[in-house]
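The values are calculated or read from the model by the stated rules, or taken from the named source; none is laboratory data. The model shown is predicted, which means the values in this text are computed figures rather than measured ones. Because the Cβ atoms are built from the backbone with ideal geometry, glycine has one as well, and the counts that use them run over all protein chains shown. Surface accessibility is based on the protein's heavy atoms, side chains included, excluding ligands, DNA and RNA. Shrake-Rupley method; radii C 1.70, N 1.55, O 1.52, S 1.80 Å.
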Amino acid sequence: MIQSLLVAFAMYSKIPVPRVDWNEKNMRYALCFFPWVGMVIGVLMFFLGNLLFTLGIGKLCFSVVMTLLPLFLTGGIHMDGFLDTTDAIHSYGDKEKKQQILKDPNCGAFAVIFGVAYLLLTVAVWSECTREMLPFIGVTYSLSRTFSAFSMAAFPLARNTGLAAAFQKGAKRKNVMAVMICYLVIEIVILMIWNPWMMAAVMAAFFVSFLYHYHLCSKEFGGISGDLAGYFLQVAELLSLTAVCIAGKVVLA
């Protein structure tokens, strides 16, 4: 189990951990620890955000730092999936063509356009954040990975190669899904205790994102892949950040 934890952090973050050799045994439950990566990122974001507020940093600087920190902590692995998927979606081709674009290492025009737009929009939304919103935003990093890991275990594979295939084939899929449901319940309870209205806003954002994710995987690509899981994670985090900032203006004022 400890090796599975280390595999999850080594694959999905740049947080230094002891190196272990990947094998079928320690990859079996690696997805179970994916939300732990989000939990660590959320805690770091919470403390950094509070530090920046305490120092009186300007809104623009605050927003840029808070936008870039998750990219540095993850090494951009999920943003890579977002960019690849954006290129594939806007090709308007069939499933086979979209799958080919996902495997193409080159960056297309739509990836650049939507990547820049995503970062600018994230900076803009962060500029509306207040100190009181930081705990709720911190939880979203764990929630996004809970939903993402659930989809990687539950959805059929788009292809039999790649990151999602490597984790799904080695995983105890039913066990992973059960663990993700337990995580989800815990996360909802935590948000409920803090503020029921904020919980409702956050979960609405995630359920809308997840339904779109399911539609994209099932109708547009024929299954889940690592790129699609990364695309979902980025979309869900931006949408939930927006939901927190909008709801927080009313509920936490």
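Okay, here's what the table says:
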{"item": "Peptides ranked, highest mean first, by Cβ atoms within 10 Å: ranges 41-47, 7-13", "result": "7-13, 41-47"}
{"item": "Backbone HN-Hα couplings from phi across region 237-245 [Karplus 6.51/-1.76/1.60, Hz, Gly and Pro as x]", "result": "5, 5, 5, 6, 4, 4, 4, 5, 5"}
{"item": "Surface/4 of the Cα convex hull for the chain, nm²", "result": "13.1"}
{"item": "Estimated FRET transfer efficiency (PHE53, VAL17; beta-carbon r; R0 41 Å; 0.05)", "result": "0.85"}
{"item": "In Hz, Karplus ³J(HN,Hα) per residue of region 206-222 (6.51, -1.76, 1.60; θ = phi - 60°; x = Gly, Pro)", "result": "6, 5, 5, 4, 5, 5, 5, 4, 4, 4, 4, 5, 7, 9, 9, 10, x"}
{"item": "Angle in degrees between helix 2-12 and the longest Cα principal axis of the chain, rounded to the nearest 10", "result": "80"}
{"item": "Karplus (6.51, -1.76, 1.60) ³J(HN,Hα), θ = phi - 60°, over region 141-157, in Hz, Gly and Pro reported as x", "result": "6, 6, 4, 4, 7, 5, 5, 5, 5, 4, 5, 5, 8, 8, 7, x, 7"}
{"item": "Within a Gaussian network of the chain (alpha carbon springs, distance under 10 Å), most fluctuating of ASP227, ASP87, ASP21", "result": "ASP21"}
{"item": "Surface accessible to a 1.4 Å probe, per residue, for the residues of the chain, Å²", "result": "47"}
{"item": "By average C-beta atoms within 10 angstrom, highest first, the peptides 120-131, 147-158", "result": "147-158, 120-131"}
{"item": "Expected 222 nm ellipticity per residue - DSSP helices of 4 or more, -39500 (n - 2.57), all of the chain, to 500", "result": "-25000 deg cm²/dmol"}
{"item": "Estimated Rh, region 87-129: Kirkwood, alpha-carbon pairs, angstrom", "result": "11.7"}
{"item": "Carbon/sulfur fraction of accessible area - the chain, other protein chains in place, 1.4 Å, %", "result": "69"}
{"item": "Heavy-atom accessible area ranking, 1.4 Å probe, most first, across HIS215, HIS90", "result": "HIS215, HIS90"}
{"item": "For ILE224, distant residues with modelled amide H under 5 Å away", "result": "LEU157, ALA158"}
{"item": "Cα-based Rg of region 165-253 normalised by 2.2 N^0.38 Å, two decimals", "result": "1.25"}
